[in-house]
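Report on one structure; see the data block that follows.
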Amino acid sequence: MSVRLYVGNLPKEQVDRDELHAIFAEAGESVSTKVIKDRKTGKCRGFGFVTVPTDELADEIIAKFNGHMFKDVALKVEKAQPRSKNSEEEDSSSKPNTNNKPSGRRGGNKKSKRATQQPTTDSGAVQPDPRWAEQLAILKERLAAQSK
């Protein structure tokens, strides 16, 4: 059973698969690598994957290479989470439509699934993304000051 590892925090520039493979090559010949690139620009999207044959080797690689410096950035290495059904749908929707049927996103009065989903918090209120909560609070203060 092979184990897939997520390698994050790759530099968003021209990162080659061979460069990434060179880092993990000392772990053995059975290690394979994949750099995820933007289809339009061909530049690295900031992450990739390493596939190893055993769970034990995966744990060793995580312990050894998590935080490893690569082109002046510390890599983040962890076991990859299996794709969720939603991400598979999003991936397939980003691929070009090769058949002659029109895409389901065009035309019609269909509401998107995202617009109809309800928040899953206990209070029922939509919680802001924690990465932007501070900026959101500042904007709310500014709006309140303008309305006075």
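The table below lists the values:
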| item | result |
| --- | --- |
| Which numbered condition residue 4 misses (of (1) at pLDDT 90 or above; (2) not in a strand (DSSP E or B)) | (2) |
| Residue 36 surrounded by 18 or more Cβ atoms within 10 Å (Cβ to Cβ), closer than 22 Å to residue 82 by Cβ, modelled with pLDDT of 90 or more and of a type in the set (A, V, I, L, M) | no |
| Looking only at segment 70-85, and only at residues there that are in contact with a helix residue (DSSP H, G or I) (Cβ under 8 Å, 6 or more places away or on another chain) and modelled with pLDDT of 90 or more, the one that is nearest to residue 13 (Cα to Cα) | 75 |
| Segment 39-69, residues that are at pLDDT 90 or above, loosely packed, with under 13 Cβ neighbours inside 10 Å, of a type outside the set (Lys, Arg) and assigned to a loop (DSSP other than H, G, I, E, B) | 67 |
| Residue within segment 122-137 that is loosely packed, with under 10 Cβ neighbours inside 10 Å, modelled with pLDDT under 50 and β-branched (Val, Ile, Thr) present | no |
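Every residue, every condition in (1) of a type in the set (Asp, Glu); (2) closer than 12 Å to residue 15 by Cα, yes or no:
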residue	(1), (2)
29	yes, no
47	no, yes
50	no, no
55	yes, no
65	no, no
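The values are calculated or read from the model by the stated rules, or taken from the named source; none is laboratory data. What you are looking at is a predicted structure, and each value in this text was computed from that prediction instead of being measured. Positions of Cβ are backbone-derived with ideal geometry, glycine not excepted, and every protein chain shown enters the neighbour counts.
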